[in-house]
1. Among the residues of segment 184-204, how many are within 16 Å of the ligand (Cβ to nearest atom) and either open to solvent by 30 Å² or more (accessible area, probe 1.4 Å) or within 13 Å of G241 (Cβ to Cβ) (or both)?
2. Spot the failing condition for K261; the list is (1) more than 16 Å from the ligand (Cβ to nearest atom); (2) more than 17 Å from P41 (Cβ to Cβ); (3) in contact (Cβ under 8 Å) with a residue 24 or more places away in the chain, and only one is missed.
3. Any residue at all in segment 222-241 that's part of a loop (DSSP other than H, G, I, E, B), in contact with a helix residue (DSSP H, G or I) (Cβ under 9 Å, 6 or more places away or on another chain) and within 16 Å of the ligand (Cβ to nearest atom)?
4. Looking at (1) part of a strand (DSSP E or B); (2) open to solvent by 50 Å² or more (accessible area, probe 1.4 Å); (3) of a type outside the set (A, V, I, L, M); (4) away from the ligand (no atom under 16 Å from the Cβ), find the lone condition where K166 falls short.
5. Looking for whichever is more than 22 Å from E52 (Cβ to Cβ), in the same structural domain as V253 (by TED's automatic domain parsing) and in contact with a helix residue (DSSP H, G or I) (Cβ under 6 Å, 6 or more places away or on another chain) here; the options are V214, V171, V182. Which one fits?
6. Looking at segment 195-212, I want the residues that are more than 29 Å from G230 (Cβ to Cβ) and have a partner that is within 10 Å of the ligand (Cβ to nearest atom) and in a strand (DSSP E or B) with Cβ atoms under 9 Å, at least 6 apart or on another chain. Which pairs are those?
7. When E155 is evaluated against the numbered criteria (1) part of a loop (DSSP other than H, G, I, E, B); (2) free of Cβ contacts under 8 Å to residues at least 40 places away in the same chain, which criterion, by number, is the only one it fails?
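The values are calculated or read from the model by the stated rules, or taken from the named source; none is laboratory data. In this text the structure is predicted, and so the values were computed from the model without any measurement. Heads up, the Cβs are rebuilt from the backbone with ideal geometry, glycines too, and the neighbour counts pull from every protein chain shown. For accessibility, only protein heavy atoms count, side chains too; no ligands or nucleic acids. Shrake-Rupley method; radii C 1.70, N 1.55, O 1.52, S 1.80 Å.
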Amino acid sequence: MSGKRVLGILGMVVSVALGFAGSALAQPVIGVPHDWQTNFPPAFTPVMDKVESLNSLLLVIITLICVFVLALLVYAMWRFHASRNPVATTTTHNTVIEIAWTVVPILILVVIAIPSFRLLYYSDKAIDAAFTIKVTGNQWYWTYNYPDLGDFTVESRILPEADRIKQKPQVPRLLAVDEEMVVPVGTTVRIIGTAVGNSMHGWTVPGFGIKKTVIPGRLNEGWINVTKEGYYFGQCSQICGDNHSYMPIAVRVVSKDVFDKWVEQKKKAAGLIPATDFASAATPANR
Ligand SMILES: [Cu+2]
């Protein structure tokens with residue numbers, strides 16, 4: 001190994017160690033894009049696992065089609081070159097080939113349609129969800145309402161750049177918010193989405209395989225079940241006006257214990273449970 005390379009690796013180790021030491025966040029920051037990324041982000045929900053499998057199947061199919069078409073093209077250029085084929089053919093129809101180029105693409109489309117529709121319905125409705133979060137797109141921030149857990153609401157707004165550097169330096173620019181959506185790990189959560197005001201928004205978290213257009217006056221449904229604790233990010237994916245670029249989506253995935261404590265704290269802050277109840281509920285004997 002060359003000296004330069006060893007230095008490079010040492011530099012990386014030191015910067016990673018410093019990154020952890022300076023961390024103000026309890027969970028690792030994951031689900032953010034990185035330099036030279038060309039593929040999907042890693043999957044952190046069952047839906048995204050299936051999205052990636054479908055993508056892999058499609059990649060094989062389109063590669064085979066491209067190679068086949070390219071081979072035909074090269075063969076035709078060689079075989080029917082003027083020097084090899086001075087007298088042009090007068091053939092205009094060939095029934096066998098015409099049936100083949102109609103039937104084969106239909107079969108390919110059926111092969112694609114079956115897993116595609118299966119995935120569409122799989123991602124569409126939550127089965128046995130533990131609770132529901134109602135996502136509302138506002139101009140230009142998100143609100144997360146927890147109707148099954150006391151009906152409290154969290155407002156999630158982008159952190160100004162100076163505050164991001166102070167409070168959440170590990171989070172990339174334009175992705176940090178003051179309050180994240182919080183969900184417990186390994187739990188099926190139903191997401192219903194709508195919007196207020198006069199524009200649509202898109203609640204999209206690539207690592208979760210969810211992309212819901214939220215529309216004033218309508219409810220759209222999806223679900224997540226995140227397999228790993230951490231901070232995850234997405235961005236509004238529906239052009240919605242002036243501050244479309246400044247309404248990032250951040251989701252904090254925590255253990256069930258931490259989540260329960262967070263819910264109690266939110267309910268207390270919203271005046272949904274008296275402070276004394278909260279204090280006694282938090283003692284170990286009552287847990
Ligand atoms: Cu938008």
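1. Result for segment 184-204: 8.
2. Among (1) more than 16 Å from the ligand (Cβ to nearest atom); (2) more than 17 Å from P41 (Cβ to Cβ); (3) in contact (Cβ under 8 Å) with a residue 24 or more places away in the chain, K261 violates only (3).
3. The answer is yes, given that some residue of segment 222-241 is part of a loop (DSSP other than H, G, I, E, B), in contact with a helix residue (DSSP H, G or I) (Cβ under 9 Å, 6 or more places away or on another chain) and within 16 Å of the ligand (Cβ to nearest atom).
4. (1)
5. Details: V214 fails: in contact with a helix residue (DSSP H, G or I) (Cβ under 6 Å, 6 or more places away or on another chain); V171 fails: in contact with a helix residue (DSSP H, G or I) (Cβ under 6 Å, 6 or more places away or on another chain).
Being more than 22 Å from E52 (Cβ to Cβ), in the same structural domain as V253 (by TED's automatic domain parsing) and in contact with a helix residue (DSSP H, G or I) (Cβ under 6 Å, 6 or more places away or on another chain) holds for just one of V214, V171, V182, which is V182.
6. V196/G137; G197/G137; S199/G137
7. The one condition E155 does not meet is (1).
Every residue, every condition in (1) hydroxyl-bearing (S, T, Y); (2) surrounded by fewer than 18 Cβ atoms within 10 Å (Cβ to Cβ), yes or no:
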position	(1), (2)
F233	no, no
C240	no, no
H244	no, yes
V251	no, no
S255	yes, yes
D260	no, yes
K266	no, no
G271	no, yes
